[in-house]
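Read through the structure below, which is laid out as structure tokens, and then see the notes.
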Amino acid sequence: MEYTVTRRYKPDFILENGIFIECKGYLDSADQRKMRAIKEQYPDLDIRMLFMNLNGKVQGSKMTNMEWCEKYNYDYAQDKIPTSWINERKTNHKFLSGTLFGDTPLDGES
């Protein structure tokens with residue numbers, strides 16, 4: 001029997017051009033599931049991963065952070081947000097309101 005859990009997604013950073021940035025020191029199983037689900041449900045959303053170490057292993061796998069990103073089609077960088085990402089002309093502003101973020105508090109917030 002299948003069931004669905006509804007959550008709200010809040011990225012670590014949103015660049016002015018609408019690119020979402022997720023910063024990770026360690027990609028654990030819960031984050032892997034979350035990022036795959038978001039990619040599946042919002043394929044046009046531009047989320048990019050920023051790691052402390054691209055060669056670090058993801059939890060429960062022999063894959064590195066870089067290999068995981070390549071497998072699941074996420075752009076990635078190490079240490080700092082690349083200037084090219086900041087200067088890129090793109091927008092996801094339609095995702096900044098409505099069902100993805102909404103105007104209601106996130107889980108646990110009042």
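The values are calculated or read from the model by the stated rules, or taken from the named source; none is laboratory data. No experiment lies behind these values; they were computed from the predicted model shown. Note that each Cβ is placed from the backbone with ideal geometry, even for glycine, and that neighbours are counted across all protein chains shown. When the accessible area is computed, the model is the full protein with side chains, heavy atoms only, and any ligands, DNA or RNA have been set aside. Shrake-Rupley method; radii C 1.70, N 1.55, O 1.52, S 1.80 Å.
Counting only residues that are polar (S, T, N, Q) and in contact (Cβ under 8 Å) with a residue 12 or more places away in the chain, which one in region 25-59 is nearest to residue 74 (Cα to Cα)?
32
When residues of region 33-45 are filtered for being open to solvent by less than 30 Å² (accessible area, probe 1.4 Å) and at pLDDT below 95, how many remain?
2
Among all residue pairs at least 6 apart or on different chains, which show Cβ distances below 9 Å where the first residue, located in region 1-13, is under 28 Å from residue 50 (Cα atoms) and the second is loosely packed, with under 10 Cβ neighbours inside 10 Å?
Pairs that qualify, where the first residue is under 28 Å from residue 50 (Cα atoms) and the partner is loosely packed, with under 10 Cβ neighbours inside 10 Å, are 7/107; 8/104; 8/105; 8/107.
Out of the residues in region 1-24 that are hydroxyl-bearing (Ser, Thr, Tyr) and over 13 Å from the mean Cα position of the chain (by Cα), which is farthest from residue 78 (Cα to Cα)?
Here the residue is 3.
Open to solvent by 90 Å² or more (accessible area, probe 1.4 Å) and modelled with pLDDT of 95 or more: is that true of residue 10 in this structure?
no
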